[in-house]
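Shown next, in structure tokens, is the structure this report addresses.
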Amino acid sequence: MGLELWALIHAATQRADAFIAAGKLSKPKWVGITGLGAIFGFLTVFSPLNLFGLLGVVAAAVYLADVRPAVSAASGRGGGQNNGPYGPW
């Protein structure tokens, strides 16, 4: 459930043009996908081995692993940079 909420909150708080600049689906589509995933996660919280619960986790995982770094890099938040505690390395 936490993974799905994290993906939904991140998708909802990003700029819409960053999704287009990153070459991903539009912001409303990703908010809808992660929103449905969060709903599925909430409905299956007591039965996590349900197919819908698995779909919610997969949707959140795809967003967090693929879309989140690209959107963060496109919006200038340094998603793909190798920065250490004192600067680039």
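Nothing in this text is a laboratory measurement; each read-out follows from the coordinates by a stated rule. This one's a predicted model, so the numbers in the text were calculated from it and none came from an experiment. Neighbour counts run over all protein chains shown; Cβ positions are idealised from the backbone, glycine included.
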TODO: Determine if region 16-30 includes at least one residue that is surrounded by 14 or more Cβ atoms within 10 Å (Cβ to Cβ), touching a residue at least 40 places away in the same chain (Cβ under 8 Å) and of a type in the set (Phe, Trp, Tyr).
DONE: yes
Open item on the list: Looking only at region 1-53, how many residues end up being aliphatic (A, V, I, L, M) and more than 22 Å from residue 70 (Cα to Cα)?
Closed with: 6
Open item on the list: Pairs please, first residue from region 49-73 and under 15 Å from residue 31 (Cα atoms) and touching a residue at least 24 places away in the same chain (Cβ under 8 Å), second anywhere and charged (D, E, K, R) and in a helix (DSSP H, G or I), Cβ atoms under 8 Å, 6+ apart in sequence or on different chains.
Closed with: 56/4; 57/4; 59/4; 60/4
